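A quick write-up on the structure given underneath.
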Amino acid sequence: MKSLVVSGIQPSGTIHIGNYLGMIKQAVDLQDSGGYSCLYFIVDLHSLTSKYDPKKKPGDIIGIATDLLAAGIDPEKSPLFIQSHVLEHANLAWIFNTITSMGQLERMVEYKEKIASGQTPNAGLFDYPVLMAADILLYKGQKVPVGEDQRQHLELARDIARSFNKRFGETFPEPGGVYTKAPRVMSLTDPDKKMSKSMPAGCLYLSDSPKKIKQKIGAAVTDSQKKIGYDPENRPGISNLINIYAGFSGSAPESVAKQFADASYKDFKTAASDLVAEKLKGIQERREKFGRNKKEVIRILEEGANAVRPIAQKTLAEVKEKIGLI
Ligand code: TYM
């Protein structure tokens, strides 16, 4: 039987190349390799944990689905659906809450970072990683394409699987992350911080025009050295651009650095802008096409939920029986 790949993305505004290189591209590559069964979802329930405008949410949900389809998620191969359309996600999360300690959640770095950046600590934000574990284990997912920032959340999903199996009998696999060549894309304006929706200035969006891409990469913070070199610790700016180039070209960062060893920063930035613009062009053209057909996108999402619901129901029934509910 093929290994099961699952992953999710939040509908919270425009997506950037960090989301693309960290997760989406990997999700598409795993799907296209033919070696896995994949299913992907839009985590609308997770997105409620951050401040949002209810009037904008439906557009964000359809928008992210359109982005995923444009980026190459093929609903014929991989069901694509909305998390809240499969009620079992939240139900399993509740059960997992009862086998997760406060201490395990208090250690979550992403939670601490969000609080430190001024976000109101609602209970959902604290519980976010438990719902994520439920998303994965509901389908007995084995491989999870995600960015580096989700590593700790995946460890928790493994811990939850292990505790459940130990207490109630072997039920869940221990899922592992699948990380890309660019698992942590940094901000273009502040390369010590990760590219993030909360810092729009440092983001390169999937929808940016070739002109914008050239401007943003041209103005990206690098360093005062003359020669291009890959050293993420000491030279985060130029190394980030090398990682971006590597992510889009499929080469290893070290070989990109070698390829451009004699180029000026300016020439390398031009080559990087051209590559990114060329790769995003196809996605943007397909986005236009899907964007004109909202009904079709909704149909795909409904069909996706209908396809996975029986798997979710079967797992939840098994879990309820094992934990002693009738
Ligand atoms: P979200 O929407 O915040 O992020 C979506 C994906 O983008 C990756 N990512 C990055 N990768 C590299 N560099 C960056 N700068 C960067 N910024 C974001 C994230 O790692 C993520 O893979 N918690 C998940 C959503 C989720 C989920 C799941 C994922 C909920 N349930 C179950 C997998 C399985 C998240 O961070 O979404």
So the carbon and sulfur contribution to the accessible area of region 135-293, 1.4 Å probe, in percent, is 49 percent
Output row, site Lys258, 7 Å Cα→C-beta label point, backbone N cut-off 16 Å, window region 215-235, residues 228-231
Of all trypsin sites (Lys or Arg not before Pro) in region 153-255, the ones in DSSP coil with at most 11 other Cβ atoms within 10 Å are Lys226
Expressed per residue, the solvent accessible area of region 200-289 in Å² (1.4 Å probe) is about 52 Å²
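Of Lys227/Lys281; Lys227/Lys266; Lys114/Lys193; Lys112/Lys193, which ones are farther than 20 Å apart at the Cα?
Checking Cα-Cα distances, Lys227/Lys281 exceed 20 Å.
Treating the beta-carbon of each Lys and Arg as +1 and of each Asp and Glu as -1, no other charges, what is the dipole magnitude of region 144-209 about its Cα centre, to the nearest 20 debye?
Working: 10 positive and 9 negative charges, 33 e Å.
The dipole magnitude comes to about 160 debye.
Which of the peptides 84-95, 116-127 is most tightly packed, and how do the rest follow, going by the mean number of other Cβ atoms within 10 Å of each residue? Display every interim value, and only then the final one.
Numbers: 84-95: 18.0, 116-127: 12.5.
Packing order, densest peptide first, comes out as 84-95, 116-127.
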Checking Ser101, Ser163, Ser187 against a Gaussian network model of the chain (alpha-carbon springs below 10 Å), the top fluctuating residue turns out to be Ser101
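Roughly speaking, what is the stretch gain from Asn293 to Asp274, that is 0.36 nm per residue apart minus the C-alpha to C-alpha distance, in nm to one decimal? Intermediate values should be presented prior to the final figure.
Working: separation 19, 0.36 × 19 = 6.84 nm, distance 2.95 nm.
Difference between extended and current length: 3.9 nm.
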GNM on the chain, Cα springs under 10 Å; top mean-square fluctuation among Met195, Met102, Met132 goes to Met102
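Based only on Cα atoms, what mean projected area does the convex hull of the chain have, in nm²? Present the calculation step by step, with values, prior to reporting the outcome.
Values: hull surface 68.9 nm².
Its average projected convex-hull area is 17.2 nm².
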antiparallel share of DSSP beta bridges within the chain, to nearest 5, in %, is 10 percent
Any aspartates and glutamates whose Cα falls less than 20 Å from that of Lys214, other than same-chain ones fewer than 8 residues away, would be Asp190, Asp223, Asp267, Asp274, Glu278, Glu285
Of 50-58, 234-242, ordering from highest average Cβ density within 10 Å down gives 234-242, 50-58
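Can you flag which of Lys57/Lys212; Lys25/Lys57; Lys211/Lys295 are past 28 Å Cα-Cα?
Lys211/Lys295
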Rounded to the nearest 10 Å², the accessible area of Glu174 using a 1.4 Å probe with every protein chain kept is 90 Å²
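Could the peptides 144-153, 69-78 be put in order, highest first, of the mean number of other beta-carbon atoms found within 10 Å of their residues? Intermediate values should be presented prior to the final figure.
Working: 144-153: 19.6, 69-78: 17.9.
Peptide ranking by packing, descending: 144-153, 69-78.
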Connecting every pair of Cα atoms under 10 Å apart in the chain and solving the GNM, the largest mean-square fluctuation among Gly103, Gly304, Gly229 falls on Gly103
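The values are calculated or read from the model by the stated rules, or taken from the named source; none is laboratory data. All values reported here derive from a predicted model rather than from experimental measurement. In this analysis, Cβ positions are derived from the backbone assuming ideal geometry, glycine residues included, and neighbour counts consider all displayed protein chains. Calculation scope for accessible area: heavy atoms of the full protein, side chains included, ligands and nucleic acids excluded. Shrake-Rupley method; radii C 1.70, N 1.55, O 1.52, S 1.80 Å.
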